[in-house]
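Have a look at the structure below, then the notes.
Any read-out appearing in this document is the output of simple, stated calculations on the displayed coordinates, not a laboratory observation. Because the structure is predicted, anything quoted here is derived from the model rather than measured. Because the Cβ atoms are built from the backbone with ideal geometry, glycine has one as well, and the counts that use them run over all protein chains shown.
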Amino acid sequence: MTTRVRASTIAAFLGPSVFALALVGIAPLLYGVWKSLHFFNLTKANQQEFVGLANYATVLTDPVFWQSMYRTAVLFFVSVPTQIVLGVGIALLLHRPGLGALRALTRLALVLPMATTYAVVGLLAQVMFNIKYGVINQFLGFAGIAPVNWIGDPVNAYIAVIFWDVWQWTPFVALVMLASLSSVPPEIEEAARLETGRWWTILRHIQLPFLVPGLVAVLILRTADTLKLFDMVFTMTRGGPGSATEFIAILIERTGNRQFDIGLASAQAIILLVLTVFLARAYIRLFYREVR
Amino acid sequence: MKLRNCVSAFAFMALGLAAGSQAASAWSLEEAAKPYAGTTVDVVFLDRPGYNAAKEMLPEFESKTGIKVNITTLPYENALGEQVRDFVAQGDLDAALIDLVWIGNFAENGWIVPADTFTKDPKLADPDLDMNDFFPLVLNAFGGWNGTIYGLPFDNYSGLLFYNKCMLKDAGFDGPPETWADLKDKYGPALTKDGKFAFALQSKRNETQSADSFARMLWPFGGSFLTKDFKSNLNSPESQAGLNFRQDLMKYMPPGIVSYDHAEAVNALAQGDVAMITEWSAFYSTLTNKDTSKIGDCLAIAPEPKGPAGRKPALGGFSLAVATQADDNEKAAAWLMIQWLTSKANAQTYLEKGGVPARQSVYQNADNAKRFTYIPALVESWQDGVPEFRPRFAEWPTITEIVQEWGSKMMLGEVSVEEGAKTIGAKMEEVLQKAGYYDGKKPLAQ
Amino acid sequence: MAGKFSRPNRHGPRKPVAAEAIVLCLICLFCVFPFYWMVTTSLKTQVVALQSPPAWIFTPTLANYWEVLFEDRVGASLINSLIVAVATTVLSIGLGCPAAYALARFEFRGKKDLWFWFITNRFVSPVVLVFPVFLIARQVGLRDTHLALVLMYITFCLPIVIWICTDQFRSIPYDLDEAASLEGAGHWRIFWSICLPLAMPGVAVSAIFSFIFSWNELLFAYILAPKAAKTAPAMAITFMEGYDVPYGKIMATATLIVVPVLIFAIIVSRHLVRGLTMGAVK
């Protein structure tokens, strides 16, 4: 329930955060839009000139840009479903009765990956997936599998990124799902269990409706994080080998930070932003109950 | 290129200095630094042997002068970006660390101060500075741009062939390959077996790809990046021969060579996994360090192999220059530090602590050549190198990104050598066009 | 409210418990093993770290920690991280709670759009903002300051606070407000002494998230704070791609960054799990 109040009161409550977010969120964005209309290279500051939409034309016709968008999309469509399947599985397992201490311990263990600094995940990946000194290849060796060149091969490097994304975020999905499962009224679940012993039927007919909001949240947050994905890849492969793991954020960073082409990087960033806002809007419209 | 003019200008200047030195015979570092005691000099260093040597030496400088040196250590791949952003933002760096391929860029932006500002100042110039003692090639390539000297050579490299003579001997070779063709056709098949590989060419998609891998194969085969009129020369038969050679050579390299940076290549040799690498001279101290290297007495060093067009080894290295953004005190203090670190008097210490000085005098000491086995090969490489091994103009940071991207794609087989070279050429010409080389706005200097 | 883990069924068919226990152990191992490897690698000398196959039993050394803490300024960068994370959290909570309250309780035009705009900021990639912000920071003299980082971290922390707290405030019965209002309390009074205390669980959760996200951030830190205000994640990447990759030092730095936040996360894990379901799951 809500109430109508004086505009000045509303302004007092909301003003500071609107102002703050406008200052740090919108002002730089407008500046970025302005710069994206220029040829502006940090190492050629004296050659700055207004070029209109030329940077946008360059970006939109640049196969490299679309390839990195495609790579980002593939990552999302491979890794998020994996996380959801594994996450729901783990949640169902944790939801079962018995083995209290072990389950509590598992819940604690699940908290760790998602709290880990993303940049550190990439560094860990470098150490553990090293072709020669890496412990993963040692494990594979026990199973009689020849050393895999994880970081040096385009396909394997991509798999390694997916692996670590799954490692870090499956626990997140599992915990959200577990919380959703716990919101199923026990009486209903109990009654269903008396009727059928099949977990699949219970999942589909009883639990799934309660899982949907959580799934939507997972989908929204994972979409945002996949578009943002930078730290872990930057510290693991820096987009390589070649461009095998050059996701969109890595590409933009490279343009701005290594080619110093701030104009072009800003155009790429604005296009990414437009896509982001579009997706966010669509998601929230489709799935999400807004403030009433 | 105006190297010759530049050299003669310096010879002249050095004469002038020599004449002046009688008058200023009372010059001492302590005296010169007195007005600047308490000044802090901010500088970027890398995590490489030469810098660690300098770090060990600098306390002496600090106690003599009262100048404090504040070092920020960065990985090479971040060093350009951090410095560019600092200079653009008018930050606090007082000295610039300049890879030879950055010098055109830094100089054109006016971020670094010409050295003669200080060498002409009798209060600051050490009478024993002796610019002629630097290898002329090194001084001009690392520290000079368009006829002006900005930086003094500090961390100096030439490409060398490091090899495991025990592995070569076991395979029936008495010495290292003299030519690239031998390396591929004779040494390659003989040394690639039992999980070991004949050769590793660091080719990661960063400066390593363009400098250590791409350019290294262009020049010995007679190729180059640019023609005389600054058009792409990458599709010339010579350049193509070099790039195709690189592609063929990959079968004697470990898999995943496109993810090898310096650390991986050096380590592969150090651990006995590959028999030969072509690497910078500066790795000598890493490879001889018993804590990190198993190669021990099997390590041997030779000049890089020859191609049809001659030796043309890779040339690279860093100079230190005073940054324009520093205030006058910081400028003077920074100059004193640079001058001291690269001085003739300190060259021996620097060498012993693991650095590679660019002073000719220190290499004339026969004893040194015995103790540091890379010296003969190094000195030979510095007699006759290609300063534009990688063009040093302001556009290089943009062009190197193109070379890195498409050079890696080539090696991975994602594009053919010919297609890749064409793409690099077209993109490179676009950059040069924009920069104004084709309509005479800019002199064709590389 | 979720958070208590219900055990709904005590007399279902007992499947082989052993198999379940093994799977649970494997899940634990999968989550924890990388940390085990990180810590043990940080205790290795370079020679041991470069053994192939990797060594499981070796003589540990603390030399890496000594080196990174005192020679490589990692200690200072950890302090910077702490300053920035705490300041961001305090500021985000201070700004976000009143806004969340207004969004939950007041009726006004454009509310949906405003809420949407707040939340959208959670989606915006730092790489979109970082270059313009760098240029602005250089002009206003904020480069390499804690303040610059705090301001930028607000772009993703404030939305989290607003998202979670709006939800929390809405779950507080409106009767309480009305009762207080009848007694003559103003909006600030009601917010401050009635609703905020009741909303503490949500505030705590969003504070935890703000802290963890700020502590972990890399890109803004890397571009905006190159030296004096350098944070720990930005410090960690400076050891990469040196002439030899010092695995022990890198992992020691990683351990120093990650372990405090992991301990923190375990302590507050109950809140953390609940926070995932608030705002996000309704």
**OP:** Return one number: the angle in degrees, 0 to 90 and rounded to the nearest 10, between the long axis of the Cα atoms of helix C:126-140 and the longest principal axis of the Cα atoms of chain C.
**Re:** 90 degrees
Original post:
Once the dipole of the protein assembly as shown is set up with Lys and Arg at +1 and Asp and Glu at -1 on Cβ about the Cα centre, which of A:91, B:26, B:181 lies farthest towards its positive end?
Top reply: A:91
**OP:** Under a cut-off of 22 Å between alpha-carbon atoms, report the lysines in cross-link reach of residue B:422, not counting same-chain residues fewer than 8 places apart.
**Re:** B:204, B:228, B:231, B:409, B:434
**OP:** Starting at the first residue of the range C:104-118, write each ³J(HN,Hα) from the Karplus equation 6.51 cos²θ - 1.76 cosθ + 1.60 with θ = phi - 60°, in whole Hz, x for Gly and Pro.
**Re:** 7, 10, 9, 10, 7, 6, x, 5, 4, 5, 5, 4, 4, 5, 4
Original post:
If you average 1/r over all unlike Cα pairs in the range A:62-287 and invert the result, what Kirkwood radius do you get in angstrom?
Top reply: 19.6 Å
Original post:
Given the convex hull of the Cα atoms of the protein assembly as shown, what is a quarter of its surface area in nm²?
Top reply: 43.7 nm²
**OP:** Find which of B:72, B:329, B:102 sits farthest along the positive direction of the dipole of chain B, computed with +1 on the beta-carbon of Lys and Arg, -1 on that of Asp and Glu, about the Cα centre.
**Re:** B:102
**OP:** Step through the residues of the range B:99-115 one at a time and calculate ³J(HN,Hα) from phi using the Karplus curve (6.51 cos²θ - 1.76 cosθ + 1.60, θ = phi - 60°), rounding each to whole Hz and writing x for Gly and Pro.
**Re:** 5, 4, 7, 9, 5, x, 4, 5, 5, 5, 7, x, 7, 10, 9, x, 5
**OP:** Treating cross-link reach as a plain straight distance, find the aspartates and glutamates whose alpha-carbon is under 14 Å from the alpha-carbon of residue C:44, omitting any fewer than eight places away in the same chain.
**Re:** B:291, C:67
**OP:** Count charges around residue C:76 for me, please; just the other residues with Cβ under 15 Å from its Cβ, Lys/Arg as +1, Asp/Glu as -1.
**Re:** -1
Original post:
How large is ³J(HN,Hα), in whole Hz, for each residue of the range A:251-266 in order, when computed from phi with the Karplus curve 6.51 cos²θ - 1.76 cosθ + 1.60 and θ = phi - 60°, using x for Gly and Pro?
Top reply: 4, 5, 4, 4, 4, x, 9, 10, 8, 6, 8, 5, x, 5, 4, 5
Original post:
So, with +1 on the Cβ of K and R and -1 on the Cβ of D and E, and no other charges, what is the size of the charge dipole of chain A about its Cα centre, to the nearest 20 debye?
Top reply: 460 debye
Original post:
Classify the range A:1-152: rounded, prolate or oblate, from the alpha-carbon gyration tensor (a ≥ b ≥ c, eigenvalue square roots; a/c under 1.5 rounded; otherwise prolate if a/b is larger than b/c)?
Top reply: oblate
Original post:
So which lysines pass the test for residue B:169, namely a Cα distance under 29 Å, with those fewer than 8 places away in the same chain ruled out?
Top reply: A:132, B:184, B:186, B:193, B:196, B:251, B:290, B:294, B:306, B:312, B:370
